[in-house]
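What follows is a set of notes on a single structure, which appears directly below.
The values are calculated or read from the model by the stated rules, or taken from the named source; none is laboratory data. This is a predicted model, so every value here is computed, not measured. Cβ atoms come from the backbone with ideal geometry, glycine included; neighbour counts cover every protein chain shown. The area values use the complete protein model at the heavy-atom level, side chains included, leaving out ligands, DNA and RNA. Shrake-Rupley method; radii C 1.70, N 1.55, O 1.52, S 1.80 Å.
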Amino acid sequence: MPNPSISRSVKEAWSREGAAGKKVLDLSCGGGATSKMLTSHGFEVVATDYTPPPPIQGINRVAGVDLNEYLPFRSATFNGVNLIEVIEHIEHQAQLIREISRVLREGGVVVISTPNILNVLSRLRFLFTGFLRGRVRPAHYTRKPGQAPNIYLIHFYELYYLLFHYGFEIVELRKTKVKFASVFFAPFLYPLMWLFSLEAVIRAEKDPVQRSYNWQILRYLFNPALLFSDNIVVKARRK
């Protein structure tokens, strides 16, 4: 797990799911903390990593899984997929979400956490430096794209778009660590953010169907988790 606040939020997201007889795929499990957490809840866990995952009692491990490629599992195999602090490292993000949808059974859930580049502090940082939360300075050019951390940061609305088109409905948006600066600046910026967003996202859209989708997105964009949280945890269910 990257840090305690993400760990707690991910754990709470999964705790709402009944575990009896359910199989969960933990993608790029790292040290195996999330796999152990899922096992402790009663899920049957399959853990993957590009390198051999660490030995964890009672957990099936699959090595050599490149998340930019097709997942080596049959369709409709799992009841859940866990993707924690990973998607921002993946070049082919649409491919990955499509593959997660494929290996999930109908009604299955995916829990995704990623740096929140839309919080108030991140927006201010971008205004003054051109860099966002999760990528506060240029990536080291000695590291190739597959190795550079957080090189493919994803906005919430881009993730929302991918989940929507691959058959998911967002059921929960959870916050993690909240920094004081985001809360401090919010009262000063909120009215302007709302007015500019209303004009650009709602009034400028002439298609009534798309405008209704834009309203849904706008409500998420002003959710406290997106305004204040360092990282977000998104839980979505396959329709």
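Of a type in the set (A, V, I, L, M), assigned to a loop (DSSP other than H, G, I, E, B) and touching a helix residue (DSSP H, G or I) at 6+ places or on another chain (Cβ under 9 Å): does that describe residue 94? Taking the combined requirement at face value, the residue does not satisfy it. Residues in segment 29-68 that are farther than 22 Å from residue 9 by Cβ and aromatic (Phe, Trp, Tyr): 1 in all. Among the residues of segment 186-199, the ones that are surrounded by fewer than 12 Cβ atoms within 10 Å (Cβ to Cβ) and either at positive phi or not charged (D, E, K, R) (or both) come to 6 in all.
All conditions in (1) within 28 Å of residue 75 (Cα to Cα); (2) outside any helix (DSSP H, G or I); (3) in contact with a helix residue (DSSP H, G or I) (Cβ under 9 Å, 6 or more places away or on another chain) hold for residue 171, with the sole exception of (3). Within segment 159-185, the set of residues being crowded, with 16+ Cβ neighbours inside 10 Å and among the acidic types (Asp, Glu) comprises 172 only. If you go through segment 31-45 and pick out every residue that is touching a residue at least 40 places away in the same chain (Cβ under 8 Å) and either more than 23 Å from residue 114 (Cα to Cα) or of a type outside the set (Ser, Thr, Tyr) (or both), you end up with 1. Filter segment 64-79 for residues that are over 16 Å from the mean Cα position of the chain (by Cα) and among the aliphatic types (A, V, I, L, M) and give the result. The answer is 65, 71, 76.
Residues of segment 1-44 that are within 18 Å of residue 57 (Cβ to Cβ), among the small types (Gly, Ala, Ser) and touching an Asp or Glu at 6+ places or on another chain (Cβ under 6 Å): 35 alone.
A quick yes/no check of all residues on (1) under 12 Å from residue 170 (Cβ atoms); (2) open to solvent by 50 Å² or more (accessible area, probe 1.4 Å):
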residue	(1), (2)
201	no, no
207	no, yes
211	no, yes
223	yes, no
230	no, no
234	yes, no
238	yes, yes
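The residue of segment 80-103 that is farthest from the chain's Cα centre (by Cα), among those that are more than 17 Å from residue 50 (Cα to Cα) and in contact (Cβ under 8 Å) with a residue 60 or more places away in the chain, is 103. Restricting 34, 39 to residues that are buried (at least 18 other Cβ atoms within 10 Å of the Cβ), out of contact with any helix residue (DSSP H, G or I) (no Cβ under 8 Å at 6 or more places or on another chain), under 21 Å from residue 103 (Cα atoms) and among the hydroxyl-bearing types (Ser, Thr, Tyr) narrows the list to 39. So is residue 48 in contact with a strand residue (DSSP E or B) (Cβ under 8 Å, 6 or more places away or on another chain), in contact (Cβ under 8 Å) with a residue 12 or more places away in the chain, open to solvent by 40 Å² or more (accessible area, probe 1.4 Å) and farther than 22 Å from residue 158 by Cα or not? Against the criterion (in contact with a strand residue (DSSP E or B) (Cβ under 8 Å, 6 or more places away or on another chain), in contact (Cβ under 8 Å) with a residue 12 or more places away in the chain, open to solvent by 40 Å² or more (accessible area, probe 1.4 Å) and farther than 22 Å from residue 158 by Cα), residue 48 does not qualify.
Applying the criterion of being closer than 20 Å to residue 231 by Cα and in contact with a His (Cβ under 9 Å, 6 or more places away or on another chain) to the residues of segment 96-123, the residue that is surrounded by the fewest Cβ atoms within 10 Å (Cβ to Cβ) is 118. Looking only at residues of segment 124-157 that are among the aliphatic types (A, V, I, L, M) and open to solvent by less than 50 Å² (accessible area, probe 1.4 Å), we find that the one that is nearest to the chain's Cα centre (by Cα) is 154. Only one entry of 69, 106, 17, 12 meets the criterion of being part of a helix (DSSP H, G or I) and not β-branched (Val, Ile, Thr), and that entry is 12.
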